[in-house]
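Working notes, beginning with the structure itself.
The values are calculated or read from the model by the stated rules, or taken from the named source; none is laboratory data. For clarity, every value in this text was computed on a predicted model and none was experimentally measured. Backbone-built Cβ (ideal geometry, glycine too); neighbour counts: all protein chains shown. Ligands, DNA and RNA are stripped out before the accessible areas are found, and what is left, the full protein with its side chains, is counted by its heavy atoms. Shrake-Rupley method; radii C 1.70, N 1.55, O 1.52, S 1.80 Å.
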Amino acid sequence: MTIFPGTFADDVIGQPAKTQFETFIDEHRRALNDCLDGLTEEQARRSLVPSRTTLLGLVKHAAFVEKVWFDEAVTCRPRAEIGIPATPDESFILDDGDTVASIQRTHREACEASRRATASLGLDDVLRGNRRGPLPLRWVYLHVLRELAQHCGHAEILREQILAAD
């Protein structure tokens, strides 16, 4: 059983490209956040692979991704000032206070801040705060969509394994 919702492609096929990008990104944001629905805290933290990847860690990492690409890249503020880890690997580390509810809320808030940060930007506007150098919003949207899609796949497999074991 998939956690990934049906696509809304038909709803935006005639819309401008920015609307299409944002719709697909939001669909993946929602799917990743929803992967935690109905799980216990233990299930959300369960490690099934040698890396730090857990369902709760994936959603925590996704909030980090939002802040890297739509806060750091847009505002040019350093990660320490934003309050996020220095590296992607560190963003998977769970603290004792991290819960399903707190991580889902943090992720939703990060996504909303991302929407606000890009609302007035066009796809060809250049974001200057990323470590790779200046990048157009179009490239950032494609990169974020690719990363979210990848993590949704990870989440779907982990969730399936967790639910099958319990």
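Kindly indicate the residue of the range 20-39 that is under 15 Å from residue 104 (Cβ atoms) and without any contact (Cβ under 8 Å) to a residue 60 or more places away in the chain and also farthest from the chain's Cα centre (by Cα) among those meeting that condition.
38
Within the set of pairs 6+ apart or on separate chains, which have a first residue in the range 77-91 that is within 15 Å of residue 107 (Cβ to Cβ), a second that is assigned to a loop (DSSP other than H, G, I, E, B), and C-beta atoms under 6 Å apart?
That search, which allows pairs on different chains as well, returns 91/85.
Out of the residues in the range 1-15 that are assigned to a loop (DSSP other than H, G, I, E, B) and either small (Gly, Ala, Ser) or at pLDDT 95 or above (or both), which is farthest from the chain's Cα centre (by Cα)?
14
State whether one or more residues within the range 98-117 are within 15 Å of residue 71 (Cα to Cα), free of Cβ contacts under 8 Å to residues at least 12 places away in the same chain and in a loop (DSSP other than H, G, I, E, B).
Looking for residues that are within 15 Å of residue 71 (Cα to Cα), free of Cβ contacts under 8 Å to residues at least 12 places away in the same chain and in a loop (DSSP other than H, G, I, E, B), one finds none in the range 98-117, hence no.
Hey, can you tell me all the residues within the range 83-116 that are open to solvent by 30 Å² or more (accessible area, probe 1.4 Å), β-branched (Val, Ile, Thr) and over 13 Å from residue 62 (Cβ atoms)?
Initial filter on the range 83-116 (open to solvent by 30 Å² or more (accessible area, probe 1.4 Å)): 83, 85-90, 93-97, 99, 101, 105-106, 108-109, 112-113, 115-116.
Retained after the next criterion (residues that are β-branched (Val, Ile, Thr)): 87, 93, 99, 106.
87, 93, 99 - these are the residues of the range 83-116 that are open to solvent by 30 Å² or more (accessible area, probe 1.4 Å), β-branched (Val, Ile, Thr) and over 13 Å from residue 62 (Cβ atoms).
I need the full set of residues from the range 118-150 which are in a loop (DSSP other than H, G, I, E, B), open to solvent by 80 Å² or more (accessible area, probe 1.4 Å) and at pLDDT 95 or above, in order please. Outline the logic, then answer.
Filtering the range 118-150 for residues in a loop (DSSP other than H, G, I, E, B) gives 119-125, 128-134.
Filter once more, keeping what is open to solvent by 80 Å² or more (accessible area, probe 1.4 Å): 120, 124, 128, 131-132, 134.
The answer is 120, 124, 128, 134.
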